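A.B. asks: Let me give you the structure first, and then I'll get to my questions.
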Amino acid sequence: MAARALDREIDRLYQLPLDEFTPARNALAKGAGAEASRIKALAKPPVAAWAVNQLYWRNVDVWNALIEAAENARRAHKAVLSGRAGDVRAATKVHDDAVDEALKTTLTLLADTSHAASDATKHAIATTLRALPADEPPGRLTRVLQPGGFEMLAGLSLGSGAVAPAPKPAPPTRAARTGGSLPSASKLDAKALTRAREAAAAASRALQQAEQTARRAEFEIVRTTRDEDRAAKSVEHAREAVREATAALDRAEVGAKAATRAREAAASHAGEAQEALSKARGRAESAAEDLKKIEKGTIAARR
């Protein structure tokens, strides 16, 4: 199979209903030749990741708007952290709105399937949408994503104890140059640097707290997603058991009907046999009477 055709088939896998993914993947692997092992290694996504994939495949306009807003927000953060101008508040507002719209659309797509949108699933979808774009190809997510902190901003980060670049000192005013009563530039610089360091330290503490909260939330997502996957597998096994039991019931009903017909035929044959027996008894009794009469007549003639 050509590489381009194989890619199209892989894309189709992630568009199928979730319960059809594994058998379709295994069938594709059988005809993939040298690529069979790679195809077999394709992971079945959890419900949340699968739902986000459907957003890409079924409503790409909402997907593109979300990705554009996310990248614009990251550019704004990067600019501010690099000391350039950037409207972080406006970019974040646009991104939040895009996430909300994508979440509503994804939940609507999910409602059209047989998968129930539990609170854990909704939360996992929301965090995955907020973490986009991801390192996996669009439409082929295989896991729930978690939004990063400042480290997601193109390699920029504020580590512990890091400080934001100090603002460049403004040119001294005329009053300062002439020895007026205005504060000196060095004092202004020192105050600005102190405030910047305090702000950076507060931001670092807030970042650490946010990272701890995110890790706890990520652990909870992993746990609830694992529970959800186990429940989904149990449902799938139960459905298979129901299908097998239904097939066995159908076979039993067919056997019962055949047995009923056989019993009815046997009863009919038994009735006919009883009627033939009754007639045979009548003929035997009549023959016995005739024999007695003949014997009596013979004896009388001899006398």
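Please treat every number below as a calculation from the coordinates, not as lab data. These numbers were taken from a predicted model, which means no experiment stands behind them. Please note: Cβ atoms are built from the backbone with ideal geometry, for glycine as well, and neighbour counts cover all protein chains shown.
A.B. asks: Being farther than 17 Å from Asp112 by Cβ and among the acidic types (Asp, Glu) is the filter here; which residues of region 1-58 pass it?
C.D. replies: Residues satisfying the conditions are Asp7, Glu9, Asp11, Glu35.
A.B. asks: While we're on this one: In region 28-46, what count of residues is obtained for those that are more than 16 Å from the chain's Cα centre (by Cα) and surrounded by 13 or more Cβ atoms within 10 Å (Cβ to Cβ)?
C.D. replies: Residues meeting the conditions: 7.
A.B. asks: Now for a separate question. With Ala273, Ala252, Ala245 as the choices, which residue is more than 30 Å from Ser114 (Cα to Cα), surrounded by 10 or more Cβ atoms within 10 Å (Cβ to Cβ) and under 60 Å from the mean Cα position of the chain (by Cα)?
C.D. replies: Ala252
A.B. asks: Now for a separate question. Could you tell me how many of the residues in region 108-140 are in contact (Cβ under 8 Å) with a residue 40 or more places away in the chain, assigned to a helix (DSSP H, G or I) and among the hydrophobic types (A, V, I, L, M, F, W, C)?
C.D. replies: Selection size over region 108-140: 6.
A.B. asks: Under 8 Å between Cβ atoms, which residue pairs at least 6 apart in sequence (or on different chains) link something in region 280-303 that is part of a helix (DSSP H, G or I) with a partner that is among the aliphatic types (A, V, I, L, M) and surrounded by 10 or more Cβ atoms within 10 Å (Cβ to Cβ)?
C.D. replies: Sorted first by the residue in region 280-303, then by its partner, the list stays empty.
A.B. asks: Also, quick follow-up: Check region 49-70 and report whether any residue there is outside any helix (DSSP H, G or I) and free of Cβ contacts under 8 Å to residues at least 60 places away in the same chain.
C.D. replies: yes
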